[in-house]
Amino acid sequence: MDLKSQPKQDELKKAAATWAAQHLKDGMIVGLGSGSTATFVVDEIGRLVKSGLRITGVPTSEKTADQARALGIPLTTLADYPEIDVTIDGADEVELSTSNLIKGGGGNLLREKIVAAASKRLVIAVDESKLVEKLGIRWSVPVEVVQFGWQSTSRHLAALGSKPVIRVDSKGKMYVTDGGNFILDCAFGLIESAAELQARLDATVGVVEHGLFIGLASQVVVGGPAGVRVL
């Protein structure tokens with residue numbers, strides 16, 4: 001990514017995130033996403049809560065939970081509220097014709113998908129650079145795998161036509177998710193059928209979850225130079 005474009009891209013993410021957060025209503029149980037765009041969402045929700053908005057959040061990562069607590073956002077769990085009114089999250093890619101997604105660049109795809117699946121509505125906030133004609137054009141598919149035998153799981157994923165790369169943290173050590181698993185970033189290239197790939201990944205032994213979010217998004221809020229638009 002061109003470093004010069006980052007501030008502008010962040011402004012567009014923030015615009016989409018702010019728009020989505022400002023449409024929350026009192027009494028809602030709200031799934032709080034993870035990642036760079038979700039950080040803007042949680043910041044705005046924190047501001048709204050201080051101004052009197054009454055919502056309760058369900059965080060999708062420990063990092064999001066820490067941010068929400070610091071902002072005074074009341075939190076709960078799926079144990080207490082197994083059905084969520086709305087979740088606001090970001091995405092790495094959004095397929096224009098279907099609103100199917102690739103998520104998991106931030107490493108929280110398992111909890112994000114659990115919360116998304118428990119939600120009546122999933123609202124995705126992105127800047128317009130995340131919009132693609134077909135998934136896989138720019139992003140690999142993150143695949144969360146159990147630590148035991150991950151090398152074997154990697155071989156199975158390669159046999160599906162990908163190029164798996166084990167994710168490492170900033171110190172060069174294996175990245176470990178909040179659930180205690182590894183992530184293999186699998187480059188499939190352009191994905192002609194996300195549903196077919198989803199089925200193959202779901203059937204692969206050792207795979208805990210993957211970053212294909214198929215048929216889950218209710219609304220996509222896009223920040224662009226001309227303003228915010230809703231798909």
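The values are calculated or read from the model by the stated rules, or taken from the named source; none is laboratory data. Because the structure is a prediction, the values reported are computed rather than measured. When we count neighbours, we look across all protein chains shown, and the Cβ atoms used for this are built from the backbone with ideal geometry, even at glycine.
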Residue, surrounded by the fewest Cβ atoms within 10 Å (Cβ to Cβ), within the stretch 64-95, restricted to residues that are of a type in the set (A, V, I, L, M, F, W, C) and in contact (Cβ under 8 Å) with a residue 60 or more places away in the chain = Val86
Looking at (1) assigned by TED's automatic domain parsing to the domain that holds Gly57; (2) surrounded by fewer than 21 Cβ atoms within 10 Å (Cβ to Cβ); (3) touching a residue at least 24 places away in the same chain (Cβ under 8 Å), which is the one condition that is false for Leu160?
-> (1)
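Among Val143, Val165, Val123, Val94, which is the only one that is farther than 24 Å from Thr64 by Cα, part of a strand (DSSP E or B) and in contact with a strand residue (DSSP E or B) (Cβ under 6 Å, 6 or more places away or on another chain)?
Working: Val143 fails: farther than 24 Å from Thr64 by Cα; Val123 fails: farther than 24 Å from Thr64 by Cα; Val94 fails: farther than 24 Å from Thr64 by Cα.
None of the other options fit; the residue is Val165.
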Could we say that Val141 is closer than 24 Å to Lys25 by Cβ, buried (at least 21 other Cβ atoms within 10 Å of the Cβ) and among the hydrophobic types (A, V, I, L, M, F, W, C) here?
-> no
Of (1) in contact (Cβ under 8 Å) with a residue 40 or more places away in the chain; (2) within 20 Å of Ser36 (Cα to Cα), Val208 satisfies all except one. Which?
-> (2)
Residues (outside any helix (DSSP H, G or I) and surrounded by 21 or more Cβ atoms within 10 Å (Cβ to Cβ)) located in the stretch 30-60 = Val30, Gly31, Leu32, Gly33, Ser34, Gly35, Gly57, Val58, Pro59, Thr60
